[in-house]
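Single-structure report; data block below.
Where a number appears in this text, it was derived from the coordinates with a stated rule and is not lab data. Computed from a prediction, not measured in an experiment: that's the story for all the values here. Here the Cβ is made from the backbone with ideal geometry for all residues, glycine too, and neighbour counts use every protein chain on show.
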Amino acid sequence: MCQHQPTCPSADAIDREAARVIACFPEQGWSLLCNGVIIFEDTGELLPDGSCIAPHRGPARHALVA
């Protein structure tokens, strides 16, 4: 699917989120990457095969103890 040089990571690669955004809908909270992955602003993902990746962002900065 990707025609970038160098080629973006595939949808099943560990670094799949590094693929380029080809469509962005910030008002709806999601973007489509060139590898077919849909990423959501809560860091969840929908893969091209229909499987889901749960949100995986770290704790809020204010919750970290210094």
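Here are some notes:
- Within region 14-34, the set of residues being more than 10 Å from the chain's Cα centre (by Cα) and in contact (Cβ under 8 Å) with a residue 12 or more places away in the chain comprises 22, 26, 29, 34.
- Any hit, region 2-9, residues being under 19 Å from residue 52 (Cβ atoms) and among the hydroxyl-bearing types (Ser, Thr, Tyr): no
- Once region 39-52 is narrowed to residues that are surrounded by 16 or more Cβ atoms within 10 Å (Cβ to Cβ) and not charged (D, E, K, R), the residue that is nearest to residue 23 (Cα to Cα) is 39.
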